[in-house]
Each structure stands twice: as structure tokens, then as C-alpha cells.
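A.B. asks: Structure in C-alpha cells, see below.
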Amino acid sequence: MISRWLSAALAVAAALPAAAQDAKAKDHNAGPYVPTPWVIVDAMLKVADIRPDDVVYDLGSGDGRLVITAAKRFGSRGVGVELQPELIELANAGAKKEGVADRVKFVQGDLFETDIREASVVTLYLLPQYVTRLVPRFRAELRPGTRIVSHDYPLLPWPPELDFTMDVPEKENISGMSLTHLYYYVVPARIGGVWELSLPRTLARKPLSLEVNQEVRFVGGLVSDGDSEDYLRDMKVLGEKVSFGLLYNGRMMSFEGKAEDGAMSGEVSAKGVRGPWTAKRR
């Protein structure tokens, strides 16, 4: 009786790792293959503003049509990430047929784990629960300025820079509706934290403390000189570009600049004054 129980227990224990792997594979399968209609492929590439120096990553690339078209039409390089081996074969055949096999490659892999840091453009057509899961990766791993275009589903809770709608009748056979959404995003520079802000002496006699709060939905901050605190106004971060306003010592200042290599710099203007500003991390 004991040996029979022990055998059964060992069999269950042996099955657990396989079951866990199957559950993980299912959890990382971002939905069934649904080919993107060609009119939407064209629109996504137009929204992304593909250029010859771009590296386009398509997550869940299917037959590879998006990266193949980008390479053929704009001369960009491309990488398709796809889980199903038969679709990888189909995509490779398509790239060879279109004469761009030297500019694109297709990787059989998990789009939640594949290294995407090389991308300057990312496109995706995934179910909403998987799109949302990718948001932390995109904002943490992609370079500032990387453009993202998502077909039909927004990268919640990240607000898009642009939101386009179009009517595609052939989609009724795929999703039951013809209305199509395209959501466009630009990965912001990661500027959250405390900085030392230096301005022209006519605007501030000593460096100020700048504290930036950067979240998915919001970016803002405040400036302190040790005696008073003033909140930044209308702060925006688009790729490496940074802009904000500041009312300090009775003067309204407007800041434009860039964040790169762990520093920020640009031009500040106020009534009758214009000059450089810099910020370095503390």
C-alpha cells in the first residue's frame, strides 16, 4: 500500500515541472496568429515614419509581412519575433522572395524575453492583456526616442502621443468589426530622480535642487533653493526632448532641452533673459 502511494506521489511530482512549463508557455503565447491586413501594414509603417537607418522589431511577426515591407520600401533592417516555427519558415521564404533576406531576420522566441534593445521602431498586434504586460519592458529597456505602433490595443496605462482610427472592411472577417485603432508612442528618456539644476546667474544665484517624478501616466517635479519650493509646469518628455515651465523668484521661465548620457541641458528663456541650463544627477 505504501509503495503504491509512493509511486503515485513520485509520478505526480515528476509531472509538476512539465505542467509548470506548459503553463508558462501558454501564459507567454500572446494569442492566435491573425494576419494584419495590408492596408493596416501600410498605415503602421507610415505612422512609425520608417527611415533607412531604422531597426524595426515586429513582436508576434507571423508571416513577416511588416518587417519585409519596411525593408523593401524604406531600406530599413528588421527583426521578427515569432513563437510558431511554421510561421518563421513562411517569413524567411517571403523575405527571400522579396529580395530582403539580407536585411531582415526572424527569431523563434518568446516576445516577453527576447532582447529588443536594438530596436528603433517596435510594432505589435497582440491581445490587450499581453500588450499591457510589455509596457514596463518597453519603458525600461528601449532607447529613448524609440517609436512604438500598436494595432488596435493601447499600451495601458501609458497615454499615446497619437491615436489614429481607420475603417478596414476586410477586418470584419477577422475580428467582427471594421474599425481599426493605431496607437503611437515614443519612449521617453528616464529622468526620474534628483538633479542639480544650474541656471544663468541672472535667474538663480546658486544651483537649485530639481526633483523629477516620472511615472507611466505622468511626469512632473519641483525645484527647491533651500528656502522655497516651486512646482514645474507642463513638463513633457518626448524621447530625449525635455520641456517645462517654472515660476521662480517672480519670473516665469521656459525650458527646452535634451536628456542624454545621464545629464540634461538646453536653453532657458525668461522676459529679457535667455541662456543655457544644465542638470546633473545627485
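The values are calculated or read from the model by the stated rules, or taken from the named source; none is laboratory data. Model, not experiment: these values are computed from the prediction. Positions of Cβ are backbone-derived with ideal geometry, glycine not excepted, and every protein chain shown enters the neighbour counts. To get the accessible areas, we keep the full protein, side chains included, count just its heavy atoms, and leave off ligands, DNA and RNA. Shrake-Rupley method; radii C 1.70, N 1.55, O 1.52, S 1.80 Å.
A.B. asks: Given a cut-off of 17 Å, what percent of all Cα-Cα pairs of region 28-103 lie beyond it?
C.D. replies: 39 percent
A.B. asks: Once the other residues with Cβ under 12 Å from the Cβ of Met177 are scored (Lys, Arg +1; Asp, Glu -1), what is the net sum?
C.D. replies: -3
A.B. asks: Relative contact order for the chain using alpha-carbon pairs under 8 Å, separation at least 6, rounded to a whole percent?
C.D. replies: RCO, the chain: 11 percent.
A.B. asks: Next question. Could you tell me how many cubic angstrom of Cα convex hull volume region 151-278 has per residue?
C.D. replies: Cα convex hull per residue, to the nearest whole number: 121 Å³.
A.B. asks: A follow-up question, please. Loop-only check: which trypsin sites (Lys or Arg not before Pro) in region 91-197 are DSSP coil with at most 15 other Cβ within 10 angstrom?
C.D. replies: Taking region 91-197 and a limit of 15 other Cβ atoms within 10 Å, the loop trypsin sites (Lys or Arg not before Pro) found are Arg117, Arg190.
A.B. asks: Pulled fully out, how much extra length does the chain show between Thr278 and Leu156, if you take 0.36 nm times their separation in residues and subtract their Cα-Cα distance?
C.D. replies: Between Thr278 and Leu156, full extension yields 40.7 nm more.
A.B. asks: On average, how much area does the Cα convex hull of the chain cover when viewed from any direction, in nm²?
C.D. replies: 22.6 nm²
A.B. asks: How much length is gained on full extension from His181 to Arg137, taking 0.36 nm per residue of separation minus their Cα-Cα distance?
C.D. replies: Difference between extended and current length: 13.6 nm.
A.B. asks: If you don't mind, another one. Go ahead and estimate [θ] at 222 nm for the chain from helices alone: -39,500 (n - 2.57) per DSSP H run with n ≥ 4, summed, over the residue count, rounded to 500.
C.D. replies: After summing the helix terms and dividing by residue count, I get -9000 deg cm²/dmol.
A.B. asks: Express the relative contact order of region 126-282 as a whole percentage, based on alpha carbon pairs under 8 Å and six or more residues apart in sequence.
C.D. replies: Rounded, it is 17 percent for region 126-282.
A.B. asks: Which FRET efficiency value, to the nearest 0.05, do you get for Glu196 and Val216 by plugging their Cβ-Cβ distance into 1/(1 + (r/R0)^6) with R0 = 30 Å?
C.D. replies: 0.70
A.B. asks: Now, a different point. For the chain, give the percent of accessible area contributed by carbon and sulfur heavy atoms, probe 1.4 Å, rounded to a whole number.
C.D. replies: Ligands and nucleic acids excluded, carbon and sulfur give 54 percent.
A.B. asks: Can you give the net charge of the other residues whose Cβ lies under 13 Å from the Cβ of Lys258, counting K and R as +1 and D and E as -1?
C.D. replies: Taking every other residue near Lys258 into account, the sum is -3.
A.B. asks: Still on this structure, I have one more. Can you work out the base-10 log of I(q)/I(0) for region 34-155 at q = 0.09, 0.12, 0.13 1/Å, using the Debye formula on its C-alpha atoms alone?
C.D. replies: -0.20, -0.37, -0.43
A.B. asks: Still on this model: Tell me the chymotrypsin sites (Phe, Trp or Tyr not before Pro) within region 197-282 that lie in a loop according to DSSP and have at most 13 other beta-carbon atoms within 10 Å.
C.D. replies: Qualifying residues, ordered by number: Phe218.
A.B. asks: What nm value, rounded to one decimal, do you get for the distance between Glu113 and Asp163 when each label is placed 7 Å out toward the C-beta?
C.D. replies: For Glu113 paired with Asp163, the spin-label model returns 3.5 nm.
A.B. asks: Please work out, to two decimal places, the log10 of the ratio I(q)/I(0) at q = 0.17, 0.30 Å⁻¹ from a Debye calculation in which every Cα of region 80-123 carries one identical scatterer.
C.D. replies: So the normalised log intensities work out to -0.50, -1.10.
A.B. asks: Would you mind counting up the charge near Ser120? Only other residues with Cβ under 12 Å from its Cβ, with Lys and Arg at +1 and Asp and Glu at -1.
C.D. replies: +1
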